[in-house]
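Accompanying notes for the structure given below.
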Amino acid sequence: MEKILVIGSAGQIGSELVLALRKIYGNDNVFATDIKNPPQDVKKSGPFQILDVLDFKNLLHFIVRNKITQVYNLAAVLSGNAEKIPLQAWDINMKALMNTLEAARQSDAKKLFWPSSIAVFGPTTPRHNTPQLTVMEPNTVYGISKLAGERWGEYYFNRYGVDFRSVRYPGLISYKTEPGGGTTDYAVEIFYEAVRKGKYECFLKEDTALPMMFMEDAIDNTIKLMETGPENLSLRSAYNMAGISFTPEELAEEIKKLKPGFTVTYKPDFRQAIADTWPAGIDDSIAQRDWGLTTHYDIKKMTALMLEKVAEKLGKG
Ligand code: AKB
């Protein structure tokens, strides 16, 4: 019987991943932790404990005591926030990863998921249909930490047999828990402002194309990667995951089809410089081939659902 630990269960990915995993593995077998309280459904539907991944002794103790076999470590400072506190962000992102790699090595929790990001690419990477293996010179602290993390994950697999698995997430779009401090966050904020005010001031330029994915697709694919047989995995760093690419202007047009009066103005801030170094679209054919990555949401389907769910959440449904 698998016993699964999700670190970062109060965050954008964690709050949905915990519920999806509990449906598959049973409520009592999925342990949620974070340094802050998660949404009520995460807290109420199964075990939850406040736990700081930076505290190695407590982490290892938790894993051993609960006979954990798999860990999803989602704790991270995202790209925009990391640029404000570079050294602290580096310490947090790397220590969180190294602690889970070491805990995996020293315990039975050998299977480890850790999210990488499209931020591993940089200004010298081909921007269109970015290949799995290519030039990688990220120039943000978040991107540098993600690239270093991929290398460490592969190292722990080769050297110690830790079953490390990862994907390079594009921007993730969801209605349950809002992201915080990322460069792709505009693609979530825009829906809240469309419903609340009918207008939005975007912090990226209108023609900045970036890869994005609806959360349901991201969760399904993450679990699929974790459930695939190890013999299928030709990579032990992180798989490209493309999703759907669009610009703020294209997303605004989709929203306008359902909310005709909606307007967007553009006032790029420091996150524009980050977005300018990331791919416009990436090639995920290796993930499709190795473990069957598939997606079900295009921009139209995702926009309709986001508007409906955000309106419900804000009591404007
Ligand atoms: C961010 O914008 O920092 C994240 C990411 C793409 O990793 N959403």
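The values are calculated or read from the model by the stated rules, or taken from the named source; none is laboratory data. Worth saying up front: this structure is predicted, and the values here are computed from it rather than measured. Cβ placement follows ideal geometry from the backbone for every residue including glycine, while neighbour counts extend to all protein chains displayed. These accessible areas exclude ligands, DNA and RNA; they are computed on the full protein's heavy atoms, side chains included. Shrake-Rupley method; radii C 1.70, N 1.55, O 1.52, S 1.80 Å.
Can you name the condition, by its number, that L97 falls short on among (1) closer than 23 Å to Q12 by Cα; (2) in contact (Cβ under 8 Å) with a residue 60 or more places away in the chain?
If we test L97 against (1) closer than 23 Å to Q12 by Cα; (2) in contact (Cβ under 8 Å) with a residue 60 or more places away in the chain, just (2) comes out false.
Which residues, taken from the range 229-247, are under 30 Å from K301 (Cα atoms) and of a type in the set (A, V, I, L, M)?
Of the range 229-247, the ones under 30 Å from K301 (Cα atoms) are 238-247.
Correct list: A238, M241, A242, I244.
So that you can scan it fast, the table gives a plain yes or no per residue for (1) in contact with a strand residue (DSSP E or B) (Cβ under 9 Å, 6 or more places away or on another chain); (2) over 19 Å from A103 (Cβ atoms):
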{"site": "S117", "(1), (2)": "yes, yes"}
{"site": "F121", "(1), (2)": "yes, yes"}
{"site": "T125", "(1), (2)": "no, yes"}
{"site": "M136", "(1), (2)": "no, yes"}
{"site": "T140", "(1), (2)": "no, yes"}
{"site": "S145", "(1), (2)": "no, no"}
{"site": "G149", "(1), (2)": "yes, no"}
{"site": "F157", "(1), (2)": "yes, no"}
{"site": "V162", "(1), (2)": "yes, no"}
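For the range 145-159, enumerate the residues that are over 11 Å from A238 (Cβ atoms) and among the aliphatic types (A, V, I, L, M).
Hit for the range 145-159 is A148, nothing else.
In this structure, does N73 turn out to be buried (at least 18 other Cβ atoms within 10 Å of the Cβ), within 18 Å of the chain's Cα centre (by Cα), closer than 21 Å to E227 by Cβ and within 15 Å of the ligand (Cβ to nearest atom)? Give the steps one after another, and end with the answer.
On the way: buried (at least 18 other Cβ atoms within 10 Å of the Cβ): yes; within 18 Å of the chain's Cα centre (by Cα): yes; closer than 21 Å to E227 by Cβ: yes; within 15 Å of the ligand (Cβ to nearest atom): yes.
It is true that N73 is buried (at least 18 other Cβ atoms within 10 Å of the Cβ), within 18 Å of the chain's Cα centre (by Cα), closer than 21 Å to E227 by Cβ and within 15 Å of the ligand (Cβ to nearest atom).
Of all residues in the range 108-147, which are assigned to a strand (DSSP E or B) and open to solvent by 20 Å² or more (accessible area, probe 1.4 Å)?
Keep residues of the range 108-147 that are assigned to a strand (DSSP E or B), which gives 111-113, 116-117, 130.
The one that is assigned to a strand (DSSP E or B) and open to solvent by 20 Å² or more (accessible area, probe 1.4 Å): K111.
Identify, from the list A275, A280, the residue that is touching a His at 6+ places or on another chain (Cβ under 7 Å) and closer than 24 Å to S117 by Cα. I'd like the intermediate steps shown before the answer.
Working: A275 fails: touching a His at 6+ places or on another chain (Cβ under 7 Å).
The unique qualifying residue is A280.
Condition check ((1) open to solvent by 60 Å² or more (accessible area, probe 1.4 Å); (2) in a helix (DSSP H, G or I); (3) within 16 Å of the ligand (Cβ to nearest atom); (4) on the phi > 0 side of the Ramachandran plot) across all residues:
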{"residue": "T33", "(1), (2), (3), (4)": "no, no, no, no"}
{"residue": "D41", "(1), (2), (3), (4)": "yes, yes, no, no"}
{"residue": "Q49", "(1), (2), (3), (4)": "yes, no, no, no"}
{"residue": "K57", "(1), (2), (3), (4)": "yes, yes, no, no"}
{"residue": "I63", "(1), (2), (3), (4)": "no, yes, no, no"}
{"residue": "G80", "(1), (2), (3), (4)": "no, yes, yes, no"}
{"residue": "L87", "(1), (2), (3), (4)": "yes, yes, no, no"}
{"residue": "L97", "(1), (2), (3), (4)": "no, yes, yes, no"}
{"residue": "L101", "(1), (2), (3), (4)": "no, yes, no, no"}
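Return the pairs, sorted by first residue and then second, in which the second residue is acidic (D, E) and open to solvent by 10 Å² or more (accessible area, probe 1.4 Å), the first residue lies in the range 143-169 and is within 20 Å of L293 (Cβ to Cβ) and away from the ligand (no atom under 12 Å from the Cβ), the beta carbons are less than 8 Å apart, and the residues are 6+ apart or on different chains.
F157/D163; F164/E154
Just checking, which of A252, A280, A273, A287 is touching a residue at least 60 places away in the same chain (Cβ under 8 Å) and out of contact with any helix residue (DSSP H, G or I) (no Cβ under 8 Å at 6 or more places or on another chain)? Steps first, please.
On the way: A252 fails: out of contact with any helix residue (DSSP H, G or I) (no Cβ under 8 Å at 6 or more places or on another chain); A273 fails: touching a residue at least 60 places away in the same chain (Cβ under 8 Å); A287 fails: out of contact with any helix residue (DSSP H, G or I) (no Cβ under 8 Å at 6 or more places or on another chain).
Result of the check over A252, A280, A273, A287: A280.
The rows are residues; the columns are (1) closer than 28 Å to I144 by Cβ; (2) among the acidic types (D, E); (3) in contact with a His (Cβ under 6 Å, 6 or more places away or on another chain).
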residue: F191; (1), (2), (3): no, no, no
residue: G198; (1), (2), (3): no, no, no
residue: A218; (1), (2), (3): yes, no, no
residue: S234; (1), (2), (3): yes, no, no
residue: E250; (1), (2), (3): no, yes, no
residue: K267; (1), (2), (3): yes, no, no
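Answer with yes or no whether K110 is out of contact with any Cys (no Cβ under 9 Å at 6 or more places or on another chain), under 25 Å from Q12 (Cα atoms), basic (K, R) and not assigned by TED's automatic domain parsing to the domain that holds E249. It would help to see each step written out before you state the result.
Working: out of contact with any Cys (no Cβ under 9 Å at 6 or more places or on another chain): yes; under 25 Å from Q12 (Cα atoms): yes; basic (K, R): yes; not assigned by TED's automatic domain parsing to the domain that holds E249: yes.
Criteria met by K110.
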